[in-house]
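The structure appears right after this line, and notes come after that.
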Amino acid sequence: IPESGIINLSNLTAYYPFNNGSSADASGNNYNATATATTSVNNRFNQANSAFSFNGTSSNVTISDAAGAQAILNNGQNKSISLWFKRSSLSSKGMLVSYQQASPGNWNALAYIGSDGILRGWMYQGGGAPWTSNIIIDTNWHHLALVYTTNTQTAFLDGSQVATMNGTPSPGASNIIQI
């Protein structure tokens with residue numbers, strides 16, 4: 001997202017600004033999500049009710065429309081996922097964004113903070129090891145961009161490449177995405 005906060009929606013598949021407690025898709029493609037146990041808080045620009053706080057146990061934002069989740073991840077296609085996040089404490093950990101191929105099923109973390117505070121993730125490609133940034137995440141706001149091409153997965157943190165992983169992204173017939 002540019003520092004101006006203005007988004008060009010014409011090429012987005014989905015966009016969730018979380019304004020005023022809403023998890024609606026602002027792209028116009030109607031991939032609306034459902035927020036559970038979230039609290040509306042100030043964003044990185046200190047704008048009120050423009051971000052969600054998660055409680056670390058039961059909070060999430062879920063895109064469970066089968067067509068929507070599949071269209072967002074789309075096997076083997078070039079795509080990127082961009083998000084801003086902030087840890088509440090140095091001991092907080094968990095998934096930032098994940099997907100599930102069936103309900104119920106195993107969650108696959110596109111990006112997560114491990115119990116050691118290090119940013120990691122992957123998009124399933126037949127059981128490959130996750131990428132790791134080797135960066136311990138502090139409690140400031142950070143921008144994460146996950147960029148997928150047909151044969152490479154790359155993670156950028158605050159504009160710098162922090163990890164890359166070769167292999168074809170293959171999320172399968174994902175029908176749930178969760179933040």
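The values are calculated or read from the model by the stated rules, or taken from the named source; none is laboratory data. Just so it is clear, the model here is predicted, and its values are computed rather than measured. All Cβ positions, even for glycine, are placed from backbone atoms using ideal geometry, and neighbour counts span all protein chains on display. Side chains included, ligands, DNA and RNA excluded: accessible areas come from the protein's heavy atoms. Shrake-Rupley method; radii C 1.70, N 1.55, O 1.52, S 1.80 Å.
Brief remarks follow.
- Among residues of the range 35-50 being in a strand (DSSP E or B) and touching a helix residue (DSSP H, G or I) at 6+ places or on another chain (Cβ under 9 Å), the one that is nearest to PHE18 (Cα to Cα) is SER40.
- Candidate set: the range 47-57, residues that are among the hydroxyl-bearing types (Ser, Thr, Tyr) and at pLDDT 90 or above; chosen: the one most open to solvent (accessible area, probe 1.4 Å): SER53
- Identity of the residue in the range 104-146, open to solvent by 50 Å² or more (accessible area, probe 1.4 Å) and of a type in the set (A, V, I, L, M, F, W, C), that ends up modelled with the lowest pLDDT: ALA129
- Count of the range 84-100 residues, restricted to those that are over 14 Å from SER115 (Cα atoms) and surrounded by 16 or more Cβ atoms within 10 Å (Cβ to Cβ), is 6.
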